[in-house]
1. Let me understand the range 111-168 better: what is its radius of gyration from the alpha carbons, and its Dmax, in angstrom?
2. From the phi angles alone, apply the Karplus equation (6.51, -1.76, 1.60; θ = phi - 60°) to the range 120-125 and give each ³J(HN,Hα) in whole Hz, x where the residue is Gly or Pro.
3. From the phi of every residue in the range 71-79, what ³J(HN,Hα) in whole Hz does the Karplus formula 6.51 cos²θ - 1.76 cosθ + 1.60 yield, where θ is phi - 60° and glycine or proline is x?
4. Once you charge only the Cβ atoms, +1 for Lys and Arg and -1 for Asp and Glu, what is the size of the charge dipole of the chain about its Cα centre, to the nearest 20 debye?
5. In the range 56-168, if the dipole is taken from +1 on Lys/Arg beta carbons and -1 on Asp/Glu beta carbons about the Cα centre, which of 78, 90, 125 is farthest to the positive end?
6. So if R0 is 35 Å, what FRET efficiency would residue 157 and residue 62 give, r being the distance between their Cβ atoms, rounded to the nearest 0.05?
7. With +1 on the Cβ of every Lys and Arg and -1 on the Cβ of every Asp and Glu, and nothing else charged, how large is the dipole of the range 43-112 about its Cα centre, in debye rounded to the nearest 20?
8. So what is the diffusion coefficient of the chain in µm² per second by Stokes-Einstein at 4 °C and 1.567 mPa s, using a Kirkwood Rh over Cα pairs?
Amino acid sequence: MISEKMTDALNGQINKEMYSAYLYMSMSAHCTNVGLDGFANWFMVQYQEEMFHAMKLYDYINDQGEKVVLEAIEQPPTDFGTTLEMFEATLEHEQFITKSINDLVYLATEERDYATQIFLQWYVTEQIEEEGNDNEIIAKLKLIGDDGNGLFTIDRELAARVYTPPAEE
Ligand code: OFO
């Protein structure tokens, strides 16, 4: 059993995860359009991860006997500037998501909702990895600067990313 306030907040998080998926799908489309297929692959894998984040919340709300309520998903941008700017925007978005997860943990703590606290731990850990991935790629993009060969190398590296559903799925 979880409170109505908690249910509303978790439904709001589903919307944020769906927006994340939509945002990264839009970034993937942009990368394909400019010929960066490796970057496009990386963002499409990210899209799949975000869908998993949303569905995990969806299942949790259902398991708690509450109702999933889907809200409209905001339209994401369609132009993202340079690859560095795109990853800086990605990091900024992930920091926003981290704050949102922290707010949920705060609410669960306030309500002494131990089940939701435990459930949210997975997201707390996941956000460390998400921000870490972005920071790593940003560092590489800063290193190469305007070097086209460097960009080509990173594009090849990002082409190797494969979506692996978490073990519990
Ligand atoms: Fe990117 O972690 Fe979910 O939103």
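1. 17.1, 54
2. For the range 120-125, the Karplus-derived couplings read 6, 4, 4, 6, 4, 5 Hz, x marking Gly and Pro.
3. These are the phi-based 3J(HN,Hα) values: 9, 4, 9, 4, 6, x, x, 10, 10 Hz.
4. 140 debye
5. With unit charges placed on the Cβ atoms, the residue in question is 125.
6. About 0.35, to the nearest 0.05.
7. Using only the charged Cβ atoms, the result is roughly 200 debye.
8. Values: Rh = 17.0 Å.
D, rounded to a whole number, is 76 µm²/s.
Read-outs throughout are calculated quantities, based only on the coordinates presented, and are distinct from any laboratory measurement. Small disclaimer: the values here were computed from a predicted structure and weren't measured. Note that we place each Cβ from the backbone using ideal geometry, even for glycine, and neighbour counts take in every protein chain shown.
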